[in-house]
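Asks: Starting off with a structure, shown below.
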Amino acid sequence: MQIIRNKETAFSSNLTNGKNTHERKQNMKKIIALALVFVMALALLAGCTSKDDTTAGTESESAKNPAVSDIYAKIEEEVGADNMPMFMDADDEMVSTYYYVSLDDIEEYVGKFPAINVKADEFFIVKAKDGKAETVKEGIEKRLEDLDAQWKQYLPEQYEYVKNAVVTVNGNYVLLAVGPNAETASEIFDAETK
């Protein structure tokens, strides 16, 4: 009988241990599943962060691609609209006529002329089509020759602004800035397009 009792005890003990083993296995499965969910969540977050870091690095390594209207808005914001004369916008005909530039060479532009002819202030920001930035720059240089002839005999202070005009090319972007804020405009243009 002793043997049977031991066998019963052993059998009963195995049932209990089997139950514990089964519970342990279930608990381990839950722990492993939670650990996998946690690792996957971390990987997802790390993946998003890495993607953003990679994108930021790519932007700083390659040329920027801002809209010219955004560049002008930053110039206007920095200089202050109160520190600029009242401007009128250049249209396609004015761009072709005054800047000697074919619209076929331009992706987009912002041109600002003074509304009255007692100020030489002028801004012309162009995003040229690939390979056309130098052509646009040549047209702008002709515009500067016209401004020189126009202001040479007129208002000496305004003529100084024309003589100190800034023409800058960064990639496909070209800037003409004339006026007391030309250097500031050039710095903002460089920051936005380099």
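Asks: Given the criteria in contact with a strand residue (DSSP E or B) (Cβ under 7 Å, 6 or more places away or on another chain), of a type outside the set (Gly, Ala, Ser) and over 18 Å from residue 94 (Cβ atoms), does residue 166 qualify? Walk me through it before giving the result.
Replies: Details: in contact with a strand residue (DSSP E or B) (Cβ under 7 Å, 6 or more places away or on another chain): yes; of a type outside the set (Gly, Ala, Ser): yes; over 18 Å from residue 94 (Cβ atoms): yes.
Against the criterion (in contact with a strand residue (DSSP E or B) (Cβ under 7 Å, 6 or more places away or on another chain), of a type outside the set (Gly, Ala, Ser) and over 18 Å from residue 94 (Cβ atoms)), residue 166 qualifies.
Asks: Pull out all pairs, ordered by first then second residue, where Cβ-Cβ is under 6 Å, the residues are six or more apart or on different chains, the first lies in the stretch 177-190 and is within 14 Å of residue 122 (Cβ to Cβ), and the second is modelled with pLDDT of 95 or more and open to solvent by 40 Å² or more (accessible area, probe 1.4 Å).
Replies: Between residues of the stretch 177-190 that are within 14 Å of residue 122 (Cβ to Cβ) and residues that are modelled with pLDDT of 95 or more and open to solvent by 40 Å² or more (accessible area, probe 1.4 Å), the close pairs are 178/161; 179/161.
Asks: Hey, can you tell me all the residues within the stretch 101-145 that are open to solvent by less than 40 Å² (accessible area, probe 1.4 Å), among the basic types (Lys, Arg) and over 26 Å from the mean Cα position of the chain (by Cα)?
Replies: Restricting attention to the stretch 101-145, the residues satisfying the condition of being open to solvent by less than 40 Å² (accessible area, probe 1.4 Å) are 101, 105-106, 110-114, 120-128, 133, 136, 139-140, 143-144.
Narrowing the set further to residues that are among the basic types (Lys, Arg) leaves 112, 127, 143.
Residue satisfying the conditions is 143 alone.
Asks: Considering 125, 106, 188, 140, which residue is in contact with an Asp or Glu (Cβ under 7 Å, 6 or more places away or on another chain) and either of a type in the set (Phe, Trp, Tyr) or under 21 Å from residue 67 (Cα atoms) (or both)? Steps first, answer last, please.
Replies: Details: 125 fails: in contact with an Asp or Glu (Cβ under 7 Å, 6 or more places away or on another chain); 106 fails: in contact with an Asp or Glu (Cβ under 7 Å, 6 or more places away or on another chain); 140 fails: in contact with an Asp or Glu (Cβ under 7 Å, 6 or more places away or on another chain).
Checking each option against the conditions leaves just 188.
Asks: Just name the residue that is least open to solvent (accessible area, probe 1.4 Å) out of those in the stretch 146-165 that are closer than 21 Å to residue 82 by Cα and of a type in the set (A, V, I, L, M, F, W, C).
Replies: It comes out as 162.
Asks: If I ask for residues that are assigned to a loop (DSSP other than H, G, I, E, B) and under 31 Å from the mean Cα position of the chain (by Cα), which ones from the stretch 151-166 would you list?
Replies: 164, 165
Asks: Considering (1) open to solvent by less than 100 Å² (accessible area, probe 1.4 Å); (2) over 23 Å from residue 65 (Cβ atoms); (3) of a type outside the set (Phe, Trp, Tyr), say which one residue 93 fails and leave the rest.
Replies: Of (1) open to solvent by less than 100 Å² (accessible area, probe 1.4 Å); (2) over 23 Å from residue 65 (Cβ atoms); (3) of a type outside the set (Phe, Trp, Tyr), only one is false for residue 93: (1).
Asks: Related question: Looking only at the stretch 98-120, which residues are among the charged types (D, E, K, R) and modelled with pLDDT of 95 or more? If you could, list the steps in order and put the result at the bottom.
Replies: From the stretch 98-120, those among the charged types (D, E, K, R) are 104-105, 107-108, 112, 119; that's our starting set.
If the condition is that a residue be among the charged types (D, E, K, R) and modelled with pLDDT of 95 or more, then 104, 105, 107, 108, 112 are the ones that fit.
Asks: Inside the stretch 169-194, can you point out the residues that are closer than 25 Å to residue 118 by Cα, of a type in the set (Val, Ile, Thr) and either part of a helix (DSSP H, G or I) or open to solvent by 20 Å² or more (accessible area, probe 1.4 Å) (or both)? It would help to see each step written out before you state the result.
Replies: Looking only at the stretch 169-194, we keep the residues that are closer than 25 Å to residue 118 by Cα, and these are 175-186.
Still in the list and also of a type in the set (Val, Ile, Thr): 178, 184.
Result: 184, single match.
Asks: Need the failing condition index for residue 157 against (1) modelled with pLDDT under 95; (2) in contact with a strand residue (DSSP E or B) (Cβ under 6 Å, 6 or more places away or on another chain), just the number.
Replies: Every condition holds for residue 157 apart from (2).
Conditions tested, residue by residue: (1) over 23 Å from residue 82 (Cα atoms); (2) not in a loop (DSSP other than H, G, I, E, B).
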position	(1), (2)
101	yes, no
110	no, yes
116	no, no
124	no, yes
138	yes, yes
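The values are calculated or read from the model by the stated rules, or taken from the named source; none is laboratory data. As the structure is a prediction and not an experimental result, all values here were calculated from the model. All Cβ positions, even for glycine, are placed from backbone atoms using ideal geometry, and neighbour counts span all protein chains on display. Keep in mind that these areas ignore ligands, DNA and RNA; they rest on the heavy atoms of the full protein, side chains included. Shrake-Rupley method; radii C 1.70, N 1.55, O 1.52, S 1.80 Å.
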